[in-house]
Amino acid sequence: MTGAGPLILGLARARARRLTAWTEHLWRAGQTSPDQGPAIGPGEVERLLTPMAEAEATFFAADAAALDRAAAEAAGALEANPWWARTRSAFGLTNEEADFLALMTAVELDPGLGRVIAYLHDDGRLTEATPWLAARLAGREPAPASWPDLIRWLLAAPVDGASAERLTSAWQADPAAARAIASGVWDDPAVAERACLPDPAAAQWPCLHPAALERLTAAADPREVELVGPPGIGRLTLAAQYADARGAPLLAVDLTVFAETAAPSAIVTRVLRQAAMTGALAFFRNADAAPPAVWARATTLNVPFLRAVRHPTGEARPIELAPLRIDARVALWRRTTKAAPPTELVAQRLTPAEIVAGAATPTGPLLRRRPRPDHALLTLLPTPYEWDELVLPTEIRSQLQAFESQVRLRWAVYEEWGFDRLTHLGQGISALFGGPSGTGKTMAAQVMARSLGLDLLRVDLAGVVNKYIGETEKKLREVFDACEDSGAVLFFDEADALFGNRTQVKDAHDRFANIEIDYLLQRIERFDGVAILATNRRQDLDPAFVRRLRFVIEFLPPRPDERLALWRLALPSHAPSGEEIRDDIDWSFLTDRLTMTGAEIKSTALGAAFLAREEGVRIGTRHVLTAAQRELAKQGQRLRMPLREAGE
């Protein structure tokens, strides 16, 4: 479509010549001052006090008819331009607003017109368009106006925050809008550079979420709904398919990309402005980054748009995109690549984006393609241990292995066998590791994560709990979301600090503390990932929370045979290089007389190693007992057995 740039410049110049002729006529008649000097003559006073419409019309009819006709013809040519007509229609511009926007656009296209504008203002400093001059150029008597459509569509604005209602305020057109009006192609760089383009073939793919698409299609207005789901679930593809069904292109942007560059209201308006001119369906990802007032204002612009959020906001009717079931995951894989489907498609609820990315390079485990969350409240714990290094009673080990087995098989049981009907509130698996400190709770979590091939993320409880109302819930939601997105195991150490008993309400603090616990109970129940909670104060946990856990595993101090295994693991006979580093050890004494936990045994073994290295000898019982004395002293205990009775 041909742009309106040449026609706008032609109109501005024709009208400027017309008004210049009238101004010069007034100078010659002594009714105005060509240099705006301090002296004001009686002729100028008479002109200012007398309506000039009739005199001006007479002048142009008798002396400047050619200029009058040229200006009228230029205005008619611009009005006949389809792109200009589309601009006026899309933004609902009145005649006054259209004339003003045309003048500002002309100045943007030809800065030299600024000197002409200053001349017509009789003020060398006023080089920008004003409402007064726009009216005079159009042959109208200037009158105050509010310019609502120019402002709400961000097409133009007063310079330096001047009043929009003053006739002499200088205005400027938005540069992107001016270029688009002139060129006939509306392509705002601020929007185009950050657009989220779906796969061109996505609109033609079989729909991954047919129920959601059906609900979306049945909606009377897409502005009244929001697509709900985690990143990668297919919201962008679904929006592209919906737009294709409407016969419209999709204009998709991610609001979080603009967070540091512009206010959400301005970005939403610019996107809707482009959608209005291109006939596209605007689609906003991470729409919850904008406050409700932005969407209330956006609705008044009467441009169709669609929003995507992680959680329902309550501002629109939610349409939730459910995770793909096993058969759908396998079908998507086979549609994307000829490689055999990996076992991760069954073991993990991978999103469509993860499956497509994995199919593009089908080597290595898909799980490791999930990004690790970069979140201040989560710490990535190392997972160096394997099952052989975990020394526990048989019954506890069996429970841990059952926990791991359920994590591996849950989607096969839920989806292929249909047991998801029993888990409608949430399909995650959570376990409580209780018991005294040092009995292996954290190590067991590390072993589980390593065996499952998952990252282990520990929650910073000090950062989660916040004294401000609503902040704790917000941080908890961020933590759970990050772990669901990454597929990691979520680990709450010292969980009693967060999952404690609800208290009797005595003041507002108690009431809001209970609200936080209630939220946590609901969120852990809806959590679709794997969560492990560790505590040495199980009695302080809220019973309602414990009831929601799939496994409750009580870790006990090691028995003599377990202590022996722990000592042997902690004190190897040879270094990795093959050097012998251990002397004969009185294992029975260590096992029978030192009732230490696994953590204490590790600490003691480390201390003994340093003692022996300092002396330049191999590790012996004497070093172990000396280190044990120091370790027990931390607990206020003493090792009374003399060292010589230990075989020295």
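Taking the residues in segment 520-540 that are at pLDDT below 80 and acidic (Asp, Glu) as candidates, determine which candidate is farthest from Leu381 (Cα to Cα).
Selected residue: Asp540.
Could you pull out the residue among Leu251, Leu227, Leu208, Leu238 that is part of a helix (DSSP H, G or I), surrounded by 19 or more Cβ atoms within 10 Å (Cβ to Cβ) and among the hydrophobic types (A, V, I, L, M, F, W, C)?
On the way: Leu251 fails: part of a helix (DSSP H, G or I); Leu227 fails: part of a helix (DSSP H, G or I); Leu208 fails: part of a helix (DSSP H, G or I).
Criteria check complete, one pass: Leu238.
Can you find a residue in segment 555-578 that is closer than 26 Å to Leu476 by Cβ and modelled with pLDDT of 85 or more? Give the steps one after another, and end with the answer.
Kept after step one, since they are closer than 26 Å to Leu476 by Cβ, are these residues of segment 555-578: 555.
Narrowing the set further to residues that are modelled with pLDDT of 85 or more leaves 555.
Yes: segment 555-578 contains one or more residues that are closer than 26 Å to Leu476 by Cβ and modelled with pLDDT of 85 or more.
Pull up segment 440-465, narrow it to residues that are in contact with an Asp or Glu (Cβ under 9 Å, 6 or more places away or on another chain) and of a type in the set (S, T, N, Q), then point me to the one that is farthest from Leu556 (Cα to Cα).
Once the filter is applied, the top-ranked residue is Ser451.
Results for (1) under 30 Å from Phe258 (Cα atoms); (2) crowded, with 20+ Cβ neighbours inside 10 Å; (3) of a type in the set (Val, Ile, Thr), shown as yes or no for each residue.
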{"position": "Ala102", "(1), (2), (3)": "yes, yes, no"}
{"position": "Val107", "(1), (2), (3)": "yes, yes, yes"}
{"position": "Asp110", "(1), (2), (3)": "no, no, no"}
{"position": "Ala129", "(1), (2), (3)": "no, yes, no"}
{"position": "Pro142", "(1), (2), (3)": "no, no, no"}
{"position": "Arg166", "(1), (2), (3)": "no, no, no"}
{"position": "Pro175", "(1), (2), (3)": "yes, no, no"}
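Condition (residue is more than 16 Å from Thr439 (Cα to Cα) and either part of a loop (DSSP other than H, G, I, E, B) or among the aliphatic types (A, V, I, L, M) (or both)) applied to segment 562-572: is it met by at least one residue? Walk me through it before giving the result.
If we filter segment 562-572 for residues that are more than 16 Å from Thr439 (Cα to Cα), which is where we start, we get 568, 571-572.
Still in the list and also either part of a loop (DSSP other than H, G, I, E, B) or among the aliphatic types (A, V, I, L, M) (or both): 571-572.
Within segment 562-572, one or more residues are more than 16 Å from Thr439 (Cα to Cα) and either part of a loop (DSSP other than H, G, I, E, B) or among the aliphatic types (A, V, I, L, M) (or both).
Are there strands (runs of 3 or more DSSP E) fully within segment 415-507 with at least 1 residues that are modelled with pLDDT under 90 and either of a type in the set (D, E, K, R) or within 24 Å of the chain's Cα centre (by Cα) (or both)? List them.
Numbers: elements: 429-434, 456-459, 489-492.
Qualifying strands (runs of 3 or more DSSP E): 456-459.
Which residue out of Ala145, Ala157, Ala177 is at pLDDT below 90 and either part of a strand (DSSP E or B) or among the aliphatic types (A, V, I, L, M) (or both)?
Numbers: Ala157 fails: at pLDDT below 90; Ala177 fails: at pLDDT below 90.
On inspection, the qualifying residue turns out to be Ala145.
Between a first residue in segment 576-600 that is under 20 Å from Arg613 (Cβ atoms) and a second residue that is aromatic (Phe, Trp, Tyr), which pairs have beta carbons less than 7 Å apart while being 6 or more apart in sequence or on different chains?
Leu590/Trp567
Ala220 versus (1) free of Cβ contacts under 8 Å to residues at least 40 places away in the same chain; (2) assigned to a loop (DSSP other than H, G, I, E, B); (3) among the small types (Gly, Ala, Ser); (4) closer than 25 Å to Ala353 by Cα: which is the lone unmet condition?
Evaluating Ala220 over (1) free of Cβ contacts under 8 Å to residues at least 40 places away in the same chain; (2) assigned to a loop (DSSP other than H, G, I, E, B); (3) among the small types (Gly, Ala, Ser); (4) closer than 25 Å to Ala353 by Cα leaves (4) as the failure.
If His209 satisfies all but one of (1) more than 20 Å from Arg273 (Cα to Cα); (2) without any contact (Cβ under 8 Å) to a residue 40 or more places away in the chain; (3) within 27 Å of the chain's Cα centre (by Cα), what's the number of the condition it fails?
Only one criterion in (1) more than 20 Å from Arg273 (Cα to Cα); (2) without any contact (Cβ under 8 Å) to a residue 40 or more places away in the chain; (3) within 27 Å of the chain's Cα centre (by Cα) is unmet by His209, namely (2).
Can you name every residue in segment 607-625 that is in a helix (DSSP H, G or I) and either more than 15 Å from Arg568 (Cβ to Cβ) or touching a Cys at 6+ places or on another chain (Cβ under 7 Å) (or both)? Even if it seems obvious, please write down each step before you answer.
Going through segment 607-625, the residues in a helix (DSSP H, G or I) turn out to be 607-615, 621-625.
Listed by number, the residues that qualify are Gly607, Phe610, Leu611, Ala612, Arg613, Glu614, Glu615, Arg622, His623, Leu625.
Hey, any hits in segment 118-125 for a residue that's under 24 Å from Arg297 (Cα atoms) and crowded, with 17+ Cβ neighbours inside 10 Å? Spell out how you get there, then give the answer.
We begin by selecting, within segment 118-125, every residue under 24 Å from Arg297 (Cα atoms); these are none.
No; the residues of segment 118-125 include none that is under 24 Å from Arg297 (Cα atoms) and crowded, with 17+ Cβ neighbours inside 10 Å.
Going residue by residue through segment 305-324, is there one that turns out to be exposed (fewer than 15 other Cβ atoms within 10 Å of the Cβ) and part of a helix (DSSP H, G or I)?
no
The values are calculated or read from the model by the stated rules, or taken from the named source; none is laboratory data. Everything numeric here is computed off the predicted structure, so don't read it as measured data. Virtual Cβ from ideal backbone geometry, glycine too; neighbours counted across all protein chains shown.
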